[in-house]
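Single-structure report; data block below.
Values in this text are rule-based calculations from the coordinates and carry no lab data. Just so you know, these numbers come straight off a predicted model, no measurement behind them. Glycine also receives a Cβ, built like all others from the backbone with ideal geometry; neighbour counts cover every protein chain displayed.
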Amino acid sequence: MEIKAIRKDNLVELNVREMQKQKEEPFHVIMDAVDSLKQGDTFILHTIINPVPLLGVMEGRGFQNEVKQLEEDHWQITFKMRDE
């Protein structure tokens, strides 16, 4: 299953929920999207779980996050670079 991030101005959005439902590991797709981010971008990720390990990885890369559970199997995580 090929999934790509969608960019609109400074917003990059990626939905890996279908990939997860198919039992596919989305980490590489998420990291590809993260690697494409530019200064000032906001990254919104949609998943079926609260990806706690990913939050730590992203924090290590300088991102802060806001996690919202929209439905039982729909989590939205917004990542922004921390102000230095």
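Step through the residues of the range 54-71 one at a time and calculate ³J(HN,Hα) from phi using the Karplus curve (6.51 cos²θ - 1.76 cosθ + 1.60, θ = phi - 60°), rounding each to whole Hz and writing x for Gly and Pro.
5, 4, x, 4, 5, 4, x, 8, x, 9, 9, 9, 10, 10, 10, 9, 8, 8
What number of lysine-lysine pairs in the chain show an alpha-carbon separation below 16 angstrom, given a sequence spacing of 8 or more or placement on distinct chains? Spell out each step's value before the answer.
Numbers: Lys8/Lys38; Lys8/Lys80; Lys38/Lys80; Lys68/Lys80.
So the count works out to 4.
Give a residue-ordered list of calculated ³J(HN,Hα) values for the range 33-42 (Karplus: 6.51 cos²θ - 1.76 cosθ + 1.60, θ = phi - 60°; whole Hz; x for Gly, Pro).
Karplus values, whole Hz, x for Gly and Pro: 5, 4, 5, 8, 5, 10, 3, x, 6, 10.
Please work out the ratio of the alpha-carbon Rg of the chain to 2.2 N^0.38 Å and round it to two decimals. All intermediate terms of the calculation are to be shown ahead of the outcome.
On the way: Rg = 12.1 Å, N = 84, 2.2 N^0.38 = 11.8 Å.
Compared with the compact-globule rule of thumb, the chain sits at 1.02.
Antiparallel versus total DSSP beta bridges in the chain: what percent is that, nearest 5?
75
At Gln22 and Gln64, where each label point lies 7 Å from the Cα along Cα→Cβ, what is the point-to-point distance in nanometres?
My value for the distance between the label points is 3.6 nm.
What is the dipole size for the chain, taken about its Cα centre, with +1 at each Lys and Arg Cβ and -1 at each Asp and Glu Cβ, in debye to the nearest 20?
Value, rounded to 20: 100 debye.
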